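Visitor: The following block contains the structure, expressed as structure tokens.
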Amino acid sequence: MLQFLLDVLIRTSDLLLVSVGLSTLYSLIRFPNVAHVQYAMLGAFLSLAGQRAGLPLGLAAALSCVLVGCLAVLLNIFVFMRLLRSGSAVAMIGSLAVSLIAVALVLSTAGSRPLQYTQDISAPLTLDGVAVSSAQAGSIACGALTLLIFSVLLYRTNLGRSMRALASNRALALASGIDANRVTNLITFASGVLAALGGTMLGLTESVHVNLGNNLLIPVFSAAILGGLGNPLGAAAGALLIALAETLVINVDFGSLVGRSMQFFPVAYVSAVSFLILLVTLMVRPYGIFDREVRRV
Amino acid sequence: MSSFLIHLLTLVCLYAMMALGLNLQAGYAGMVNFGFIAFAGLGAYAAGIASQLGWPLPAALLLALAAAAVLAVATARLGRQLSSDYWGIATLAIAEILRTVALNESWLTGGAQGIGGIRPLFADLPSPWRDLAFLALAALCLALVYGGYARIIHSRFGRALKVMREETSLAVCFGYDPVSLKMRASVAAALPAALAGGLLTYYISYVGPDVMVPSETFALWTIVMVGGLGSNLGVLLGGLLVQSVYSFAPFLKDWLGVSSDLAGAVRLGLVGLMLLACLLWRPRGLLPERLEALS
């Protein structure tokens, strides 16, 4: 049972870092940025490059987070803001083009083989008979800490208040003197940092490869949409729900249902499960579970 | 060189058919579909499986069309529930899930190896004529699709689609049911894509999960956006341009002696760069949609 709980928590913190940033950013720029999952992939590779260049992993990860954050801001100013003038669908197609270019860049410089960080081999912690590697413990701690810092940022600081004001009523927020560009840039930077951190964590617990971003696409978007796009804490809850469902489906033995001794769900279809949950939810609540905005039809 | 030219033109015809379908759905009906390649992929697999079972060509192509039509109705019904951003993500996910199915259900689809050894069309003809005959068939299909679409677009149905794209509530006021319009537009868009997918299977005598990778959808989007969203003539031009660039990329491997990873990356990167450059500097494409003036 403890093993199950830990698996859920590890997966949650991986998804959470990417989906919270995605969802927060959506409330400001109003289009689903598909390239966001590629920021995670780029972050993982930049951390790897930093480590190969001789930096300690912590410093390499910090540097990669800052770089990806800056990249996210630059892309947002020079590409997405311009595309948004022609509509959210055009911006979304543009974000797909950006993610193609990102994959192509990584494929041409790092190749398609999975790579690993060099980590000190340390004895795993043992909790009540369940082994947890230090990378996994770090990943959980990182997810929890980020969620805490991010909610403080959103609900206790001026930046967070401005951001929520912009998200709920843009015209009124602008009229009251909020600098929309500054807020958007800061939040874009923060979400890029989160995505890079999430990608690095994912690279630590699994491996660093070029499909890291593509594999995140369905679960991360499912989590963000489940929570109601634009609702950061909802995205965190969505990540928990998706992680729970994925882990449940992998671990439950369906043998008694089909009359065989052992029958597990095929692992290849796990991402389909998160998507199915999403579809069923959207049938009932078209704007996600945690959406509180009032909409006029 | 001339056989390469025939190959290129055949691919242009097939991909232009798919892109015309996407243009009807996204350009005229305003349904932003990011999993459009699923229709072509389903058609390709249906044709492959049917020909493995020994079905004749017309039956195999009919199966391809039927499978794509069912998928089109299902995705369009989904659109009733979702707003357009959410629907775009949902179609992307549906295409990915179908690809996962194709990759894993080896008993039906041959898994990662795909289905090979499909008997090519016109196998009795001597070498250059076989390819030319196939090109003629592909071009005939493209012409039929183009002509059919021209009729659809200038019909009441086509005008209703444009009204729905611009102002859905106005279409409702005119007495059109958006769900039914979307469903019919989706089926009309899926059929040529499935036909092209099925023909592609016969052309390369092979079908594998690679036909459904998301970058193929973006290649179609690039064709449509380069040519001009909502302009069928533009889509033909876009198909020619994009497919030429796409087909010349593998030559880099021989000329520059780069690895196959890098050649694949160049292909992906070129599609991405063309799409982005077009969106930034020519957002309405090379041959923009001509909007009819009020008379």
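The values are calculated or read from the model by the stated rules, or taken from the named source; none is laboratory data. None of the values given here were measured: they were computed from a predicted structure. Neighbour counts are summed over all protein chains in view; Cβ atoms, including those assigned to glycine, are modelled from backbone coordinates with ideal geometry.
Visitor: Do we have any residue at all in segment B:123-131 that's closer than 22 Å to residue B:197 by Cβ, among the aliphatic types (A, V, I, L, M), surrounded by fewer than 20 Cβ atoms within 10 Å (Cβ to Cβ) and more than 7 Å from chain A (Cβ to nearest Cβ)?
Guide: yes
Visitor: State whether the residues of segment A:171-179 include one that is surrounded by 18 or more Cβ atoms within 10 Å (Cβ to Cβ), touching a residue at least 24 places away in the same chain (Cβ under 8 Å) and either touching a Leu at 6+ places or on another chain (Cβ under 6 Å) or in a helix (DSSP H, G or I) (or both).
Guide: No; the residues of segment A:171-179 include none that is surrounded by 18 or more Cβ atoms within 10 Å (Cβ to Cβ), touching a residue at least 24 places away in the same chain (Cβ under 8 Å) and either touching a Leu at 6+ places or on another chain (Cβ under 6 Å) or in a helix (DSSP H, G or I) (or both).
Visitor: When you go through (1) buried (at least 20 other Cβ atoms within 10 Å of the Cβ); (2) modelled with pLDDT under 95 one by one for residue A:69, which number turns out not to apply?
Guide: Result: residue A:69 passes all but (2).
Visitor: Select, from A:77, A:101, A:93, the only residue that is closer than 25 Å to residue A:186 by Cα, under 22 Å from the mean Cα position of the chain (by Cα) and either among the aromatic types (Phe, Trp, Tyr) or more than 10 Å from chain B (Cβ to nearest Cβ) (or both).
Guide: On the way: A:101 fails: either among the aromatic types (Phe, Trp, Tyr) or more than 10 Å from chain B (Cβ to nearest Cβ) (or both); A:93 fails: either among the aromatic types (Phe, Trp, Tyr) or more than 10 Å from chain B (Cβ to nearest Cβ) (or both).
The conditions single out A:77.
Visitor: Within segment A:267-287, how many residues are within 7 Å of another protein chain (Cβ to nearest Cβ) and more than 12 Å from residue A:222 (Cα to Cα)?
Guide: Of the residues in segment A:267-287, 4 are within 7 Å of another protein chain (Cβ to nearest Cβ) and more than 12 Å from residue A:222 (Cα to Cα).
Visitor: Another one. Output yes when any residue across segment A:192-206 is of a type outside the set (S, T, N, Q), outside any helix (DSSP H, G or I) and at pLDDT below 90, and no when none is.
Guide: yes
Visitor: Is it the case that some residue within segment B:29-38 is surrounded by fewer than 23 Cβ atoms within 10 Å (Cβ to Cβ), at pLDDT below 95, closer than 30 Å to residue B:288 by Cβ and among the small types (Gly, Ala, Ser)?
Guide: For segment B:29-38, residues surrounded by fewer than 23 Cβ atoms within 10 Å (Cβ to Cβ), at pLDDT below 95, closer than 30 Å to residue B:288 by Cβ and among the small types (Gly, Ala, Ser): present.
Visitor: Return the pairs, sorted by first residue and then second, in which the second residue is part of a loop (DSSP other than H, G, I, E, B), the first residue lies in segment A:97-117 and is among the β-branched types (Val, Ile, Thr), the beta carbons are less than 6 Å apart, and the residues are 6+ apart or on different chains.
Guide: As it stands, the answer is A:98/A:35; A:106/A:210, since those pairs meet every condition given.
Visitor: So, one more: Which residues, taken from segment B:79-102, are within 7 Å of another protein chain (Cβ to nearest Cβ) and either in a loop (DSSP other than H, G, I, E, B) or farther than 17 Å from residue A:221 by Cα (or both)?
Guide: Within segment B:79-102, B:81, B:82, B:100 meet the criteria.
Visitor: Give A:176, A:207 a once-over and let me know the one that is more than 16 Å from the chain's Cα centre (by Cα) and more than 18 Å from residue A:38 (Cα to Cα).
Guide: Answer to the selection: A:176.
Visitor: Which one of the conditions (1) within 14 Å of chain B (Cβ to nearest Cβ); (2) of a type outside the set (Asp, Glu); (3) in contact with a helix residue (DSSP H, G or I) (Cβ under 7 Å, 6 or more places away or on another chain) does residue A:233 fail to meet, given that it meets all the rest?
Guide: (1)
Visitor: Could you grab the pairs with beta carbons closer than 7 Å, sequence gap of 6+ or different chains, first residue in segment B:114-136 and of a type in the set (D, E, K, R), second one not in a loop (DSSP other than H, G, I, E, B)?
Guide: Short answer, once both residue conditions are applied: B:119/B:51; B:131/B:3; B:131/B:6.
Visitor: Scan segment A:104-118 for residues that are surrounded by 18 or more Cβ atoms within 10 Å (Cβ to Cβ), facing chain B (nearest Cβ under 9 Å) and over 25 Å from residue A:80 (Cα atoms) and jot them down. Quick ask: steps written out before the conclusion?
Guide: Initial filter on segment A:104-118 (surrounded by 18 or more Cβ atoms within 10 Å (Cβ to Cβ)): A:104-108, A:117.
Narrowing the set further to residues that are facing chain B (nearest Cβ under 9 Å) leaves A:104-108.
Correct list: empty.
Visitor: Go over the candidates B:111, B:116 one by one and state the one that is surrounded by fewer than 18 Cβ atoms within 10 Å (Cβ to Cβ) and within 11 Å of chain A (Cβ to nearest Cβ).
Guide: Result: B:111 is the single residue among B:111, B:116 that is surrounded by fewer than 18 Cβ atoms within 10 Å (Cβ to Cβ) and within 11 Å of chain A (Cβ to nearest Cβ).
Table: residues versus (1) in a helix (DSSP H, G or I); (2) touching a Pro at 6+ places or on another chain (Cβ under 9 Å); (3) within 25 Å of residue B:89 (Cβ to Cβ).
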| position | (1), (2), (3) |
| --- | --- |
| B:134 | yes, yes, no |
| B:137 | yes, no, no |
| B:140 | yes, no, no |
| B:149 | yes, yes, no |
| B:176 | no, no, no |
| B:184 | yes, no, yes |
| B:188 | yes, no, yes |
| B:210 | yes, no, yes |
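Visitor: Restrict the check to segment B:210-231 and report whether at least one residue is of a type in the set (D, E, K, R) and either under 17 Å from the mean Cα position of the chain (by Cα) or within 19 Å of residue B:34 (Cβ to Cβ) (or both). Write out each step before concluding.
Guide: Of segment B:210-231, the ones of a type in the set (D, E, K, R) are B:210, B:216.
In the following step, the residues that additionally are either under 17 Å from the mean Cα position of the chain (by Cα) or within 19 Å of residue B:34 (Cβ to Cβ) (or both) were identified as B:210, B:216.
Looking through segment B:210-231, at least one residue is of a type in the set (D, E, K, R) and either under 17 Å from the mean Cα position of the chain (by Cα) or within 19 Å of residue B:34 (Cβ to Cβ) (or both).
Visitor: Checking the structure you have, find out if any residue of segment B:154-161 is part of a helix (DSSP H, G or I) and hydroxyl-bearing (Ser, Thr, Tyr).
Guide: Taking every residue of segment B:154-161 in turn, none turns out to be part of a helix (DSSP H, G or I) and hydroxyl-bearing (Ser, Thr, Tyr).
Visitor: Follow-up question, since we're still on this one. For segment A:36-69, name all the residues that are more than 22 Å from residue A:95 (Cβ to Cβ) and of a type in the set (S, T, N, Q).
Guide: If the condition is that a residue be more than 22 Å from residue A:95 (Cβ to Cβ) and of a type in the set (S, T, N, Q), then A:47, A:51 are the ones that fit.
Visitor: Any residue at all in segment A:180-189 that's under 30 Å from residue A:111 (Cα atoms) and touching a helix residue (DSSP H, G or I) at 6+ places or on another chain (Cβ under 8 Å)?
Guide: Filtering segment A:180-189 for residues under 30 Å from residue A:111 (Cα atoms) gives A:188-189.
Adding the requirement that they be touching a helix residue (DSSP H, G or I) at 6+ places or on another chain (Cβ under 8 Å) leaves A:188-189.
Taking every residue of segment A:180-189 in turn, at least one turns out to be under 30 Å from residue A:111 (Cα atoms) and touching a helix residue (DSSP H, G or I) at 6+ places or on another chain (Cβ under 8 Å).
Visitor: Now a separate question. Say we look at segment A:119-163 and pick out the residues that are of a type in the set (Ser, Thr, Tyr) and buried (at least 17 other Cβ atoms within 10 Å of the Cβ); which of these is modelled with the highest pLDDT?
Guide: A:162
Visitor: Moving on. When you look at residue B:230, is it in a helix (DSSP H, G or I) and among the small types (Gly, Ala, Ser), yes or no?
Guide: When the stated conditions are applied, residue B:230 does not pass them.
Visitor: Against the condition buried (at least 16 other Cβ atoms within 10 Å of the Cβ), away from chain A (no Cβ under 11 Å) and not in a helix (DSSP H, G or I), how does residue B:49 come out, does it pass?
Guide: So residue B:49 fails the test.
Visitor: Right, here's the next one. Within segment A:208-223, identify whether any single residue is more than 14 Å from chain B (Cβ to nearest Cβ), modelled with pLDDT of 85 or more and in a helix (DSSP H, G or I), and answer yes or no.
Guide: Yes, segment A:208-223 contains at least one residue that is more than 14 Å from chain B (Cβ to nearest Cβ), modelled with pLDDT of 85 or more and in a helix (DSSP H, G or I).
Visitor: Residues of segment B:236-280 being more than 8 Å from chain A (Cβ to nearest Cβ), more than 21 Å from residue B:19 (Cα to Cα) and part of a helix (DSSP H, G or I), which ones?
Guide: Answer for segment B:236-280, where residues must be more than 8 Å from chain A (Cβ to nearest Cβ), more than 21 Å from residue B:19 (Cα to Cα) and part of a helix (DSSP H, G or I): B:250, B:251, B:252, B:253, B:254, B:255, B:256, B:260, B:263.
Visitor: Right, here's the next one. Being over 28 Å from residue B:119 (Cα atoms) and crowded, with 23+ Cβ neighbours inside 10 Å is the filter here, so list the residues in segment B:142-187 that pass it.
Guide: Result: B:161, B:164, B:182, B:185, B:186.
Visitor: Here is a follow-up. Can you tell me how many residues within segment A:30-50 are surrounded by fewer than 19 Cβ atoms within 10 Å (Cβ to Cβ) and in contact (Cβ under 8 Å) with a residue 40 or more places away in the chain? First the steps, then the outcome.
Guide: From segment A:30-50, those surrounded by fewer than 19 Cβ atoms within 10 Å (Cβ to Cβ) are A:30, A:49; that's our starting set.
Okay, now just the ones that are also in contact (Cβ under 8 Å) with a residue 40 or more places away in the chain, so A:30.
Residues that pass the stated criteria total 1.
Visitor: Go through B:225, B:212 for me and flag whichever is crowded, with 22+ Cβ neighbours inside 10 Å, in contact with a Lys or Arg (Cβ under 6 Å, 6 or more places away or on another chain) and within 14 Å of chain A (Cβ to nearest Cβ).
Guide: Result: B:212 is the single residue among B:225, B:212 that is crowded, with 22+ Cβ neighbours inside 10 Å, in contact with a Lys or Arg (Cβ under 6 Å, 6 or more places away or on another chain) and within 14 Å of chain A (Cβ to nearest Cβ).
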